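Each value in this text was obtained by applying a stated rule to the coordinates, not by laboratory testing. Note that the structure is a prediction, hence the values are computed from the model and not measured. Ideal geometry is used to build each Cβ from the backbone, glycine not excepted, and the neighbour counts take in all protein chains shown.
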Amino acid sequence: MYLHYHGFSYIHYCATNTMGLFGVTQASQPGGLFGTATNTSTGTAFGTGTGLQADCFIQDERLRIFALLAGKPVWQLSEKKQINVCSQLDWKRSLAIHLWYLLPPTASISRALSMYEEAFQNTSDSDRYACSPLPSYLEGSGCVIAEEQNSQAQLRDVCFHLLKLYSDRHYDLNQLLEPRSITADPLDYRLSWHLWEVLRALNYTHLSAQCEGVLQASYAGQLESEGLWEWAIFVLLHIDNSCVREKAVRELLTRHRQLLETPESWAKETFLTQKLCVPAEWIHEAKAVRAHMESDKHLEALCLFKAGHWNRCHKLIIRHLASDAIINENYDYLKGFLEDLAPPERSSLIQDWETSGLVYLDYIRVIEMLHHIQQVDCSGYDLEQLHIKVTSLCSRIEQIQCYNAKDRLAQSEMGLQRLQRAALPLPPREDTARRCHL
């Protein structure tokens, strides 16, 4: 009867003092109905009830509310039992308990975080009353992460890291952007990369260069493995170092740019050049590399020209295309390449242009002039100028460097047969005939 009477009195007192459950909820809010006075009075009543062993007659849910009102996260009951207000809460709610109920209304988030960290980092199990801020995919799984002393890479939820960064602007970003703080897949860098870009836009730039490089390369590789290589280029374009950025983009283009033109490839190329502002020369250079791998000399020369590599284009034409064009009398094909290389701003950058490419171009022009003269009447002056050009051209043809038997055959055709056959209807000149014969 004694315990029953005093237990009833204790319950009646607490319920009356807090105006029912609604009053409890209102009173427990910062700056609520009763404020600090409520915590003090509730704590006094709770202590009295515990001393009288009346707490055994109260439901645990109500005891947690009373402990919360008293500002006590853990309360020792009379029957060697504890009431823990955070025992059935996840880490976000546990943190909210500290911020809203266990601290004054004017307390900062930094102070609430410190108090919460003490709640789950205490070395003694008896003093640890809140759960660790595990990532969402581990919450409720029963997984327990061992806390290593002085460890700088403990597994924490990304939201917890963001709160720490809010409290301390110089907080370690390496932990925050760790994929395991977001997802169970340690190789999934999607949210980590996007989060880093948001933080960088907010002027959080103290991520180490090594970690930033790993983040950029890993996410780009992840997109590339899914076939989204054009979006991988978008990621690589965010690299700060211009040299590293260009090298990475060029290498990725080389791996994926195909020679076969399809509507899909055109759409991707348009996206790269117009949306991402990737220089078209980089794309053509990647195509040239692909053409070289497939031994397509024509496309390789064409792509090298579009990429602005005049010297390499000229060298390829002379070594692999010019002789075939001369032997097969495919002059228009060869002339198209050489005339595009002939402007001074390009030819001045080409090695051996005067003794190689220009000789072939002049030869084709002389052949065209000879055909034209055969069809129309020309003055003696025009014929004289043509003989001078033919004489000069014969000596220059002899200086062309030959690399194989095909080159020597083309040189022979240019130096003797073609010119003599073309010039046969023209009035002969003794010095010209002698030089061509030599």
Full-extension gain in nm, Ala107 to Lys297, via 0.36 nm per residue minus C-alpha separation: 61.0 nm
Amide H contacts of Glu139 (H built 1.01 Å from N, under 5 Å, at least 5 apart or other chain): none
Total charge of the residues flanking Leu260 in space, meaning their Cβ is under 14 Å from its Cβ, with Lys and Arg +1 and Asp and Glu -1, is -1
Give the residue list of GluC sites (Glu not before Pro) in the range 252-301 that are DSSP loop and have at most 13 other beta-carbon atoms within 10 angstrom. Glu261, Glu294
For the range 216-228, take each phi angle, set θ = phi - 60°, evaluate the Karplus expression 6.51 cos²θ - 1.76 cosθ + 1.60, and give the result in whole Hz per residue in order, putting x for glycine and proline. 5, 5, 5, 5, 4, x, 5, 5, 4, 5, 8, x, 9
Calculate one ³J(HN,Hα) per residue across the range 231-244 by plugging θ = phi - 60° into the Karplus curve 6.51 cos²θ - 1.76 cosθ + 1.60, and present them in order as whole Hz with x for glycine and proline. 7, 5, 5, 4, 5, 5, 5, 8, 5, 6, 5, 5, 5, 5
Across Lys247/Lys335; Lys287/Lys335; Lys275/Lys297; Lys275/Lys315, pairs whose alpha-carbon gap is larger than 25 Å: Lys247/Lys335; Lys275/Lys297; Lys275/Lys315
Just to check I understand the Karplus step: with θ = phi - 60° and J = 6.51 cos²θ - 1.76 cosθ + 1.60, what whole-Hz values come out for the range 386-391, glycine and proline as x? 5, 4, 5, 5, 5, 4
